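The values are calculated or read from the model by the stated rules, or taken from the named source; none is laboratory data. In this text the structure is predicted, and so the values were computed from the model without any measurement. When we count neighbours, we look across all protein chains shown, and the Cβ atoms used for this are built from the backbone with ideal geometry, even at glycine. Each accessible area value is taken on the protein alone, full model and side chains, heavy atoms only, with ligands, DNA and RNA left out. Shrake-Rupley method; radii C 1.70, N 1.55, O 1.52, S 1.80 Å.
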Amino acid sequence: MKALIAWIASLAPLLLAAPARADEIVLASPAYWCPFSCQAGSAREGFTVDIAREIFTAAGHKVRLVNENYSRALIDVRAGAFTATASTFREEAPDFVFPVQPVSRNRFCVYVAADSRWTYRGAASLSELQRVGIIRDYSYGVALDVIIRTSPQRFEVNTGDSLTERMLRRLQMGRLDAFIEEENVVAYTRQQHPELAPRNAGCEPPSYAYLAISPRHPKAQEYARIFSDGMVRLRRSGRLKAILATYGLLEWPAWQP
């Protein structure tokens, strides 16, 4: 009997650990933000999703992507309906739980019509324009966020799906003077729609985005730690470079807290 009890006791840690290895981490992110996040279930779901899947699979978890427009994704992740968003700036959801290591380096640029001679010279120069397209609930960095907040009449707020393509088309039709978007997203969208050819009028300095974990998730801090440790390993092993290369992107320099 003592032997049986000892054997059962020896199995207890394994039985307790089993559910953790079966965790499903569900990322909510828009399909229109390729190459960061793309169509769920496609061959390429986006490099931020691929990074998260590689890290969490190695830790014994599964990763699944669901597509929602960005505003809805933030609401649902905050409520605990999903685990995290795939790529979010801290300013966009300051109550979320963030890993130390970012999932992407981003740069927002201002795009104008190909024949426009206007040049972006910092956030204040946007006051020279009347119709600038932006996306609801985006944070574009401190300088741009301030002018958007203080001069809302100059900005057209867009919601829904295929937003980059829609803003490109509105620009080409003369319904926008300019729009602000992340440069890799615009480059990817232009690959799909080569007839849409804006001019990059100038950019803000680069910034970093993160896997943003629901503040309601009981394992939020654990997942943040797993992601940060995994990101360091991906970089050292060369896997980060390989993942980014499949989307035609280069590895960014290591980030130090």
Taking every DSSP beta bridge that has both residues in the chain, what percent is antiparallel when rounded to the nearest 5? 50
With every protein chain kept in place and a 1.4 Å probe, the chain has an accessible area per residue in Å² of 49
From the residues P30, A93, S104, which one has its Cα farthest along the dipole of the chain in the positive direction, the dipole being from +1 and -1 charges on Cβ of Lys/Arg and Asp/Glu about the Cα centre? S104
Pairs of Cα atoms under 8 Å, at least six residues apart: use those to get the relative contact order of segment 121-188, whole percent. 41
Using only alpha carbon pairs under 8 Å that are at least six residues apart, calculate the relative contact order of the chain and give it in whole percent. 27
Report, please, the projected area of the chain averaged over directions, based on the convex hull of its C-alpha atoms, in nm². 16.1
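For n ≥ 4 DSSP H runs only, could you compute -39500 (n - 2.57) per run for the chain, divide by its residues and tell me the 222 nm figure to the nearest 500?
On the way: 8 runs with 96 residues, N = 257.
Rounded to the nearest 500, it is -11500 deg cm²/dmol.
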Please work out the Cα center distance from segment 115-176 to segment 181-233, rounded to the nearest Å. 19
Nearest-ten-degree value, helix 163-172 long axis tilted from longest Cα axis of the chain: 10
Scoring only Lys, Arg, Asp and Glu (+1, +1, -1, -1) among other residues with Cβ under 11 Å from the Cβ of E128 yields +1
Given backbone amide H placed at 1.01 Å from N, residues whose amide H is under 5 Å from that of R64, ignoring those fewer than 5 places away on the same chain, are I25, V26, L27
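Report the full-extension gain for the segment D229 to V146: residue separation times 0.36 nm, less the Cα-Cα distance, to one decimal in nm.
Here the segment from D229 to V146 would lengthen by 26.5 nm.
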Once label points are set 7 Å from the Cα along Cα→Cβ at both A124 and R72, what is their separation, rounded to one decimal in nm? 4.1
In nm, give the distance between the simple-model label positions of E222 and T246, each being 7 Å from the Cα along the Cα-to-Cβ direction. 2.7
Could you order M173, M167 so the one with the most accessible surface comes first? Probe is 1.4 Å. M173, M167
For the chain, the percent of accessible surface on carbon and sulfur atoms (probe 1.4 angstrom, ligands and nucleic acids excluded) is 55
Contour minus Cα-Cα span, D161 to R105, at 0.36 nm per residue, comes to 17.9 nm
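Suppose R0 equals 41 Å. What FRET efficiency, 1/(1 + (r/R0)^6) with r the Cβ-Cβ distance, do Y208 and D115 give to the nearest 0.05?
With a Förster radius of 41 Å, E is 0.75.
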